[in-house]
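The values are calculated or read from the model by the stated rules, or taken from the named source; none is laboratory data. Owing to the predicted nature of the structure, the values given are computational and were not obtained by experimental measurement. Counting neighbours? That spans all protein chains shown, and the Cβs are built from the backbone with ideal geometry, glycine included. For accessibility, only protein heavy atoms count, side chains too; no ligands or nucleic acids. Shrake-Rupley method; radii C 1.70, N 1.55, O 1.52, S 1.80 Å.
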Amino acid sequence: MRKSVKIRVPGTSANCGPGFDCLGVSCTIYNDLELTLLREPGLDIQVEGEGAEDIPTDERNLVWRSIQFLLGRLKASEDYKGAVIRMKNNVPLSRGLGSSAAAIVAALKAANVILGNPLDRRGLLQVATDLEGHPDNVAPAIYGGFTVSLVHDGVPESFSFLPKAPLELVVAVPNFHLSTKAARNALPSEVPLKDAVFNVGRAALLVGALAKGNMNFLRYAFDDTLHQPYRAKLIPGMYEVFDAARKAGAIGAAMSGAGPCIIAYVTDHAAAVGDAMIEAFRGHGVEARALTLGIDQRGAHIVKE
Ligand code: HSE
């Protein structure tokens, strides 16, 4: 008998300003993956929605590659040689909202369910981090909420919590792609100690203030000196978009992951903040749209088995 499962997985925003490769937040924007694993070889992949025209539907497909990776880890590659994959995507592709993490996590979760759940969420985090290279998008995609992650001796650890602050996320999505690889290539291998100190204080303050719901401190807490200054040249008008968001009422703003999306953290004025960010991008010749999202509380979950 063929076994199928449908998984819903959230988009995610990594770094959250100062938490480069460590902090992430799960957003209320979702991709759906319906997977059937086949005993016989063969791939039938269909993609609808965001990025459908750019996502390969052959052996190169990231969902399929992630499934194969998991099957290899679980010594089950001989049991399943093909798949029927149906993807319905809402998360913009290559924009800093965790589209690759969503594909990886949905694939691993779906295959894991079909195999009888040999891995718990921590096991999925390990495999997903090995595939993605860093845990800050895959962790919130698995757990939901706001996540703090690290890798110790090759083993990722992550905890998730729901901020006490009533935060909404306004994401300006520009109409160009930026690959994580290109954005990581822009980074130096070393940073000045004063920049590290700047970020340690802000990352700690951000987590503490969100956990306690202390809004007064948050306005300092989304700034960064470790990655954004080096990546600014890849996103026209980035700092002006941050300023426009703050002037329109945002608590803070940052690159979403490796960009090019910019995320503003707000408690109100979401529409005005979105409009201001679009306008600021336009001043630099970039067309953008704005999404107002909440914080997803569940992470990847089964919607049909
Ligand atoms: N922490 C990662 C980066 C997120 O900023 O490069 C993007 O995958």
Assess whether ARG246 counts as being outside the structural domain of ASP32 (by TED's automatic domain parsing), more than 20 Å from THR28 (Cβ to Cβ), open to solvent by 10 Å² or more (accessible area, probe 1.4 Å) and free of Cβ contacts under 8 Å to residues at least 60 places away in the same chain. yes
Suppose we filter ILE302, ILE263 for residues that are surrounded by 17 or more Cβ atoms within 10 Å (Cβ to Cβ) and modelled with pLDDT of 95 or more; which single one remains? ILE263
Whether any residue in segment 161-183 is away from the ligand (no atom under 16 Å from the Cβ) and either closer than 19 Å to ILE67 by Cβ or assigned to a helix (DSSP H, G or I) (or both) is what I want to check. no
Enumerate the helices (runs of 4 or more DSSP H) found wholly within segment 60-157, keeping only those where 3 or more residues are away from the ligand (no atom under 16 Å from the Cβ). 62-73, 99-114, 121-132
The helices (runs of 4 or more DSSP H) lying wholly within segment 192-251 that contain at least 3 residues that are within 16 Å of the ligand (Cβ to nearest atom) are 193-212, 228-231
Could you tell me whether any residue of segment 234-245 is over 26 Å from ALA141 (Cβ atoms) and among the β-branched types (Val, Ile, Thr)? no
Hits in segment 51-66 (condition: in contact with a Leu (Cβ under 9 Å, 6 or more places away or on another chain) and open to solvent by 50 Å² or more (accessible area, probe 1.4 Å)): ASP54, THR57, ASP58, GLU59, ARG65
Does ILE263 meet the test of being in contact with a Cys (Cβ under 9 Å, 6 or more places away or on another chain), under 20 Å from LEU293 (Cα atoms) and in the same structural domain as GLY283 (by TED's automatic domain parsing)? yes
Of everything in segment 34-50 that's of a type outside the set (Val, Ile, Thr) and buried (at least 17 other Cβ atoms within 10 Å of the Cβ), which residue is nearest to the ligand (Cβ to nearest atom)? GLU50
Out of all the residues in segment 1-33, which are part of a strand (DSSP E or B) and open to solvent by 10 Å² or more (accessible area, probe 1.4 Å)? LYS3, SER4, LYS6, ARG8, THR28, ILE29, TYR30, ASN31, ASP32
Of all residues in segment 48-71, which are under 17 Å from ILE7 (Cβ atoms) and of a type in the set (Val, Ile, Thr)? ILE55, VAL63, ILE67
